[in-house]
1. Between H47 and N237, take the C-beta separation as r, use R0 = 35 Å, and let me know the FRET efficiency to the nearest 0.05.
2. Enumerate the amide H contacts of M337 below 5 Å, restricted to partners 5 or more residues apart or on another chain; note that Pro and chain-start residues carry no placed amide H.
3. Among I336, I327, I121, I84, what is the fewest-to-most ranking by other Cβ atoms within 10 Å?
4. If each residue of separation counts as 0.36 nm, what is the full-extension length gain between K195 and R245 once their alpha-carbon separation is subtracted?
5. With each label point set 7 Å from Cα along the Cα-Cβ vector, what nm distance links E158 and A26?
6. For segment 35-49, what does the Karplus curve 6.51 cos²θ - 1.76 cosθ + 1.60, with θ = phi - 60°, yield as ³J(HN,Hα) per residue in whole Hz, taken in order and with x for Gly and Pro?
7. Using the count of nearby Cβ atoms within 10 Å as a rough guide to exposure, how do S30, S153, S60, S129 rank from fewest to most?
Amino acid sequence: MTMPTTPSKLHPNAHNAPLWNLGYFAVVTSLATFWWLAYTHIMPVSHWLVFTLWGFAPGSHLGLSLEFFLYDTAKILLLLVLLIYALAWIRVSLKVELVRDFLAGKRRGLGYFLGAFFGAITPFCSCSSIPLFLGFTTARIPMGITMSFLITSPLINEIAVVLLWSLLGWKFTIIYVLVGMLAGILGGFVMDELKVQRWLQPFILEAMEKEPTQQYVHDSQKKHGFTIQQRHTFAYNETASIFQRVWKWVIIGVGIGAALHGFVPENWFAQNLGAGEWWSVPASVLIGIPLYSNVTGIIPIMESLLTKGLPMGTTLAFCMSAVAASIPEVMMLRQIMTIKLQATFIGYLWIIFTLVGWLFNSVGPHILS
């Protein structure tokens, strides 16, 4: 949505500001309606294109991969545009320093909890969480808190809780939610202690330092606040800059994830990995991380693995690793994180889920009995 930004229009007291604002909100309302219609119809349109228009056989590997690719690519790109624009628009006049200072220092623990809790109530998979992670990062929310969100968001959502409760009972559900929250909170603490913010890509660090007031508002204007057009100008430029850098990696990453989704049977794990041996837990995490699934889709697999006799801890470790990270997510995060930060992130997930698996392999039989 490109709009002219002449000096006269940038001034808060410009005589035509009310007319510009009216036009702006009319365009935003139209685009928001179009966005919602597009977002809510991605799945049926993808299904229709692949299995009706293009004639692929229902249930075929290639058909499932194509459907998954169309659905996830469109979903992530739509979320990327909306969330980055909205968060940048708010950021123009939000006193980020106050939020950052409140959540830092003595309140860091509260910040990690809030980041993990917000992740738990947002219905995003590992890739769909990245737009919000980008927005939080560029808004200079403390890095540990954004990492708490990134870890917890794909692990827990309301639908998953309902499904877990109905299929596996309240004990397993509570354990799963507590483990997911703990992984996010502890991950935030670890990432802050390691000062991983320095390992973000340079353009992200530049965006974090970018001040809207320096770019679009003269010092004499700051006391008047920010006009709608100033907000739009900053948000549009930030969205365009980030989108241009990551869109192709979204497509490549989801393409790889679609191939794994369609051609790698997720129940291979139950058939080929031993149950009960100490090495089965770290091995299950290594196998789970490259796979691409959301928490709703992994729950039936959890039930299947448990009914086939796999220990509770091995099942948790495999399913949580498959949900928390994936090859598509790693490829997209590569445009945001340096290799050091990515290795730290993946290494943390491997260690924490391995420890979870070993712990619940020991106590699981007593909990579920």
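1. Rounded to the nearest 0.05, the efficiency is 0.45.
2. Q201
3. I121, I327, I336, I84
4. That works out to 15.5 nm of additional length.
5. Reported label-point gap for E158 and A26 is 3.6 nm.
6. Values per residue, Gly and Pro as x: 4, 5, 4, 5, 5, 6, 10, 4, 5, x, 5, 4, 4, 5, 4 Hz.
7. Fewest to most other Cβ atoms nearby, the residues stand as S30, S60, S129, S153.
Values quoted throughout were computed directly from the atomic coordinates according to the rules given, and no laboratory measurement underlies them. Only a predicted model underlies this, so the values are computations on that prediction, with no experimental measurement involved. All Cβ positions, glycine included, derive from the backbone under ideal geometry; neighbour counts span all protein chains shown.
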